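The values are calculated or read from the model by the stated rules, or taken from the named source; none is laboratory data. What you see is a predicted model; the values in this text were computed from it and never measured. As a convention, Cβ positions derive from the backbone with ideal geometry for all residues, glycine included, and neighbour counts pool all protein chains shown. Accessible surface areas use protein heavy atoms only, side chains included; no ligands, DNA or RNA. Shrake-Rupley method; radii C 1.70, N 1.55, O 1.52, S 1.80 Å.
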Amino acid sequence: MTARRSRLSRAAPLLGVLLTLAACSSSPDDSGPAQATSAPSGSVAAVCDKEPAGPTAAPAGAVVVDPAIPNDLAVKTRTAGPGTTFWLKPGKHVLGDDKYDQVSPKDGDVYVGAPGAILDGRKVNQYAFTGHAANVKLTYLTVQGFAAPRDEGVVNHDSGDGWVIEHSTIQDNDGAGLMAGARQQVRGNCLRRNGQYGINAFSGSTPITALVVEGNEIAGNNTGDWETKIDGCGCTGGVKFWDVNGADVRGNWVHDNHGTGLWADTNNNDFLIEGNLIENNDSAAIIYEISYNAIIRDNTIRKNNWVDGRKYADKGDNFPTPAIYISESGGEPRIKARTAKLEISRNYLENNWSGITLWENADRYCNSPANTSSGDCTRLVPDVKKCAAPAISTEPLLSDCRWKTQHVDIHDNKFVLDPSVVGCQASCGRMALLSNFGTYPDWSPYKGAVVQEAITYKQDNRWHDNSYAGPWTFIPYTTDRVVEIGEWEGSPYSQDTGSTFTAQGGG
């Protein structure tokens, strides 16, 4: 988990298309809280290889694009006016032979694929759809084989606003399958086997607002294994969100990604992560990092973090790598959002490598050399230079220069663990609320146990009314302090009031 060691580098319901194999919504369970979700046997968004077919004839007024003519799509886009609809005939469409041959839409352009329409980059072209046009729509189209560089994307490469991508397959590309802009809607797509991310929600200039990611299957991404190539890059997974202010992430099947499933990193705010099935990802199911105000509810999360959790355990690292990792993130009422806290509720977590870790690195804050997101400051203090000695030692900067793990409310979840399924011993059944002893730099006002005391006792972080099955232990304050249920519930931690515990795991 990159952030724990401050190694981070920058890097409408779809009922017609969702394949519901079993219910994944809230339901009562006799063994735990009434709101804890039950485990589904399948997915709410198994759309890969099951996408609805596009129209067999060109829509009225559409420009017909012929796969027998190389670069026909780019040429016709260039010569048509804005707001044109293009219908791609069945077959494999290609662009020119230069790596920068690409399609540059105009405002309001619409691209519709016939059954079997494929836009193939042949590992020659870097990008499929580029430019800053707004309100572009792609639907019923397969986009594959493009060779985008690391941290760049194939579709909506320049993060244009208001794009809609629906019922499409974006697969087997390098880099990210999709970038994202403000008001972008990504619905009912298959985003699989891309080299780095399924989606890289990064604009770079202004925050992305009102992003919707709904009913997609996001699977097998990071085929380039970038964490191995660049140690600790923090640049892989199913979806990565950067500086997104308002996102609804609903009803997706996020599975088998070679990294984290859903990762919100750096000044994100106002997230709803709801009703997703997140399973079999190599790292955490969800990371929410140096960000604010989120609701994480009604998700089924199972068999995540087996690869990374085991890797850390095998090398003797005792950090509690979890399924849900909250790193320097929490509720902040001064930042406008639909909630003023970070609420994790009514989720079902089964046989992951550990549960939930709330972490705050004492040495990571705005303008600290230990913060490898070095160009960023908090949403409360946008100017990095203000967070410097001696001013940082007094309020309000003392509080506002930190990304705080605070106002985190964890309730009515069900945590199930059978170590024989996970293939582990005690190291995979942990909940944690902790920080490190502050040491760096010399002018830091957060040295010593300041942050350990704050996150554990003073920042309104609470577990309560949860249900546990299996051999769970708890890590408060520091990695060296492992306690059993009674100590976790008692003074001074006073956690998991109203929760229930049974010794045996199992679904």
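Some observations on this one:
- So P55, is it closer than 30 Å to G251 by Cβ and at pLDDT 95 or above: yes
- Out of A362, A247, A294, sole residue that is under 28 Å from E453 (Cβ atoms), within 16 Å of the chain's Cα centre (by Cα) and crowded, with 23+ Cβ neighbours inside 10 Å: A294
Yes/no matrix, rows are residues, columns are (1) open to solvent by less than 50 Å² (accessible area, probe 1.4 Å); (2) under 27 Å from the mean Cα position of the chain (by Cα); (3) within 18 Å of E360 (Cα to Cα); (4) modelled with pLDDT of 95 or more:
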| position | (1), (2), (3), (4) |
| --- | --- |
| P441 | yes, no, yes, no |
| E453 | no, no, yes, yes |
| H464 | yes, yes, no, yes |
| F474 | yes, yes, yes, yes |
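- Restricted to region 417-439, and to residues there that are in contact with a Phe, Trp or Tyr (Cβ under 6 Å, 6 or more places away or on another chain) and either open to solvent by 10 Å² or more (accessible area, probe 1.4 Å) or of a type outside the set (A, V, I, L, M, F, W, C) (or both), the residue that is nearest to Y493 (Cα to Cα) is G429.
- Filter pass, N194 being at negative phi, assigned to a loop (DSSP other than H, G, I, E, B) and crowded, with 24+ Cβ neighbours inside 10 Å: yes
- Taking (1) within 29 Å of the chain's Cα centre (by Cα); (2) open to solvent by 10 Å² or more (accessible area, probe 1.4 Å); (3) not small (G, A, S) in turn, Y493 satisfies each apart from (1).
- Number of residues in region 172-191 that are in contact with a Gly (Cβ under 7 Å, 6 or more places away or on another chain), in a strand (DSSP E or B) and closer than 24 Å to D49 by Cβ equals 6.
- Verdict on D231 being in a loop (DSSP other than H, G, I, E, B), of a type in the set (D, E) and in contact with a His (Cβ under 8 Å, 6 or more places away or on another chain): no
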